[in-house]
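Just below is one structure, and these are the notes that go with it.
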Amino acid sequence: MNLIWLHDDMLGARHPIFEAAGQAAKIVFVWDNDYFKAMNYSAKRLVFLYETLCELECEIIAGKAHNVIHALITEHKIDKIFTPYSPNPAHQKVMAGFKDIQIIEDIPFVKMPSGIVFPRFFRYWNKAKKTAFLKNGGHDS
Amino acid sequence: MPVKPEPKDFKARQDLIDHVMMLSPHVKSDDVIASPIRGGRIAAHEKLAQIKPQSYGRTRNFLNGDVTYLSSYIRHGIVSLNEVRNKALETSDAEKDIEKFIQELTWRDFWQHLYRAHPEWIWNDIEPYKTGFGRDDYADDLPEDIAQGRTGVACIDQFIKILLETGYMHNHTRMYVASYVVHWRRVKWQAGARWFLHHLLDGDPASNNLSWQWVASTFSNKPYIFNLENVGKYASEEINANASENKVLDHSYEDLSCALFPQKAKGE
């Protein structure tokens, strides 16, 4: 069985991760107070997150992310772990704790040349606008 | 020991709220426990169905303009930028009609692009302040009167109240408050950014912090300031833009620039 670890950067029902991990994958969100404290989330933000999770096909498990994922791997004899890409170093640190974790990117919003950083918006927009007005950014859905 | 999932079915919203407070007691003492804005895909799609990209383009700077209120859902990936763009494309065949809307979605993509490439930019000054002041001239901590929305500047206090009570602010309001914090009160942008991330349901380290840096001038060519006339132009009726209750804002841009950035004025 595969495991999908969802975090607060991707709580949607449409993402390539679901096809990548397969329909039988177990989907979890870890309710990690250490993470919430580090991000300084208020009660309002936590209620918003919990309401979101209640409408998502996933289990909510309280604990520290690394420990919960580890426990799930053992309990369910997990083959592979999948997680959506996140730029957040806190999530990346958890990901780094698992060898062979599959980090799945969403479909890019626009087609941009790879490996180039555009430090000003007008330069980003000059490239992005070529595909920003296309359905799915010009990518196959 | 087997891990046990948390409940997901609640009879009433208050029951869900109580459960969250039990799971995360460290936030129990917050003044406002829940926003009127609901989380989840159903609420997100209700908002998505109502978007008016053309009107957005014309009215987005007005505090009662046709903004989408989708930001909280986009931030957490509940709906993707792609889904929102695809929906906008359905509303018009003419690119020109929805250009501003698509451009604003692209801003979010841009901030994420920078976060991925430069995570160190999120909490560190990217460039020096262009205010005539150095980093050390700015206070480390957010004053309590700002945190509580008791600054005595009427419109600023109203904007802060909306932040505290709902976890949402119009983009233009964010710029006003950030500018007030950094430039009128001379507080480091990091303190303001941290405060916004605490309250904003859509608080994202990239969009939020890089926007604070833009206002502060550590990621822009000049500091962003505003005046009462500007608030009066864009604010809705319920916002108090009376001169007598917003004295520190009631000046021309030139006078404000001299008053807020005396070192900069000297240097020019």
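The values are calculated or read from the model by the stated rules, or taken from the named source; none is laboratory data. If you're wondering where the values come from, they're calculated on a predicted model, not measured in any experiment. Cβ atoms come from the backbone with ideal geometry, glycine included; neighbour counts cover every protein chain shown. Each accessible area value is taken on the protein alone, full model and side chains, heavy atoms only, with ligands, DNA and RNA left out. Shrake-Rupley method; radii C 1.70, N 1.55, O 1.52, S 1.80 Å.
With the requirement that a residue be open to solvent by 50 Å² or more (accessible area, probe 1.4 Å) and more than 21 Å from residue B:73 (Cα to Cα), what does the stretch B:15-45 give you?
Result: B:15, B:18, B:22, B:25, B:26, B:28, B:29, B:31.
Which residue out of B:67, B:84 is β-branched (Val, Ile, Thr), under 29 Å from residue A:15 (Cα atoms), surrounded by 17 or more Cβ atoms within 10 Å (Cβ to Cβ) and modelled with pLDDT of 95 or more?
B:84
Anything in the stretch B:125-174 that is among the hydroxyl-bearing types (Ser, Thr, Tyr) and in contact (Cβ under 8 Å) with a residue 40 or more places away in the chain? List them, or say none.
B:129, B:131, B:138, B:166, B:168, B:173
If a residue must be polar (S, T, N, Q), within 19 Å of the chain's Cα centre (by Cα) and surrounded by fewer than 23 Cβ atoms within 10 Å (Cβ to Cβ), how many such residues does the stretch B:216-240 contain?
Total satisfying the criteria: 4.
Mind checking whether some residue in the stretch B:73-80 is within 7 Å of chain A (Cβ to nearest Cβ) and part of a helix (DSSP H, G or I)?
There is no residue in the stretch B:73-80 that is within 7 Å of chain A (Cβ to nearest Cβ) and part of a helix (DSSP H, G or I).
Do the conditions hold for residue A:14, that is, is it under 14 Å from the mean Cα position of the chain (by Cα) and free of Cβ contacts under 8 Å to residues at least 12 places away in the same chain?
The answer is yes for residue A:14.
For the stretch B:15-26, does any single residue satisfy the condition of being assigned to a loop (DSSP other than H, G, I, E, B) and at the interface with chain A (Cβ under 8 Å from one of its Cβ atoms)?
Taking every residue of the stretch B:15-26 in turn, at least one turns out to be assigned to a loop (DSSP other than H, G, I, E, B) and at the interface with chain A (Cβ under 8 Å from one of its Cβ atoms).
Would you pick out the residues in the stretch B:81-106 that are facing chain A (nearest Cβ under 7 Å) and free of Cβ contacts under 8 Å to residues at least 12 places away in the same chain?
Correct list: B:82, B:86, B:89, B:95, B:103, B:106.
Within the stretch B:29-43, can you find the residues that are more than 18 Å from residue A:60 (Cβ to Cβ), without any contact (Cβ under 8 Å) to a residue 12 or more places away in the chain and within 7 Å of chain A (Cβ to nearest Cβ)?
B:30
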